[in-house]
1. Note down the net charge around Thr181, summing +1 for each Lys or Arg and -1 for each Asp or Glu among other residues with Cβ under 12 Å from its Cβ.
2. Counting only residues 5 or more places away or on other chains, whose amide H sits under 5 Å from the amide H of Thr238 once H atoms are built in the peptide plane?
3. Tell me the relative contact order for segment 83-195 as a rounded percent, counting alpha carbon contacts under 8 Å between residues six or more apart.
4. What are the principal axis extents of the Cα atoms in segment 142-227, in Å, biggest first?
5. Using per-residue counts of other Cβ atoms within 10 Å, averaged over each peptide, order 178-191, 137-150 from highest down.
Amino acid sequence: MRDAVPPPEEPTAAPPPAPAPRAWLVIGPIIVQSSATLVIAVGMLVIGLVVGFLLRPLVPGQAAAPDTASSEPVSPAEETQVAADGAALMAALVGQTRHFLGDPNAPVTIIEFADFQCPYCGRFANETFAQINENYIATGQVRLGYQHFAFLGQESVWAAEAAECAGDQDAFWPYHDYLFTHQSGENQGAFTKEHLKQFAADLSLDTAAFNSCLDSGQYTATVTAETQAVQQLGVRSTPTFVVNGRPVIGAQPYEVFQQYIQQGLGD
C-alpha cells in the first residue's frame, strides 16, 4: 500500500477578500471577471478545493486520485459540460500565469500554486516534479505553470520577489529549483535578502542587476497581487494544482499526477 500523504499546510486565517467586481461571462460554475485579475467564486473549484482539503484528515492516506467509478451514470451532455468548464478554467488560468516550463503546445497543462517556504511544496519540487519533468515535460506532453501563493511570512515574499528578479535574467526555473533545495524552516533566516543574493551569485546571475531588483522591491506589488488573486480563486493550502481544469490538492505521489496526465492525453 502506498504510504499516506501528509495533509498540505493550511494558511493562517486571513481576512476574506474584497467583493469581486461584477462578472461579464459565466460558464457553468466558472466566473471570469472583466478585470485583469481572475476571480472564481461560489464555484465547483472553490468547493472542490476547500471541501476536499477539509475532508482529507478524515480519510488519512487517501489520495485525491481521479474518479474511477461513480454510483450514477454521467450523461454525454454532462461530460461535455465538464470538459468545457475545465477548458474555460484552464484558459483563464493560463492567461494569468507568468512562468511556464515546457512546450506551450503541450496537450496537458498543470498550474501550481505554491510558497517557497512550504515543506510540502519542497517535497513536490524535489521528488514528484523530477519524474513529471523527465517523463512528460521534457517529451513535450506537459507544461507546468507556477503562481505565487506567498502566505507563510516575510521570507516567503522575499523569496518570491527574488525568483521574479531571477526571471528577468531568464533564470526563474533554476532559481525556483535552488530555493526548494535550500529550505530550512519557516522564517528562520534561510531566505533573508542576504541569502537570496548569495543564491543569485551561486547561479552565476548578474548580481548587480539582481541585487538592485531585490532591494528596490521591484516585484513586491506583483507578488502581493498574485497571492491575493490565488486566495480569491479559493486556494487555501499549498501546494495546490489544477491539471487540465481538475484540482489536485497536496504533495500527492507521482502516480496520482500520472493518472491525471494520462487522462489528459486521452489514454
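Only the coordinates and a few stated rules stand behind these numbers; no lab work does. Given the structure is predicted, the values throughout are model-derived calculations rather than measurements. Cβ placement follows ideal geometry from the backbone for every residue including glycine, while neighbour counts extend to all protein chains displayed.
1. With Lys, Arg at +1 and Asp, Glu at -1, the net is -2.
2. Excluding prolines and chain starts, which carry no amide H, the hits are Glu9.
3. Relative CO of segment 83-195 lands at 31 percent.
4. The Cα atoms of segment 142-227 stretch 34, 28, 25 Å along their principal axes.
5. 137-150, 178-191
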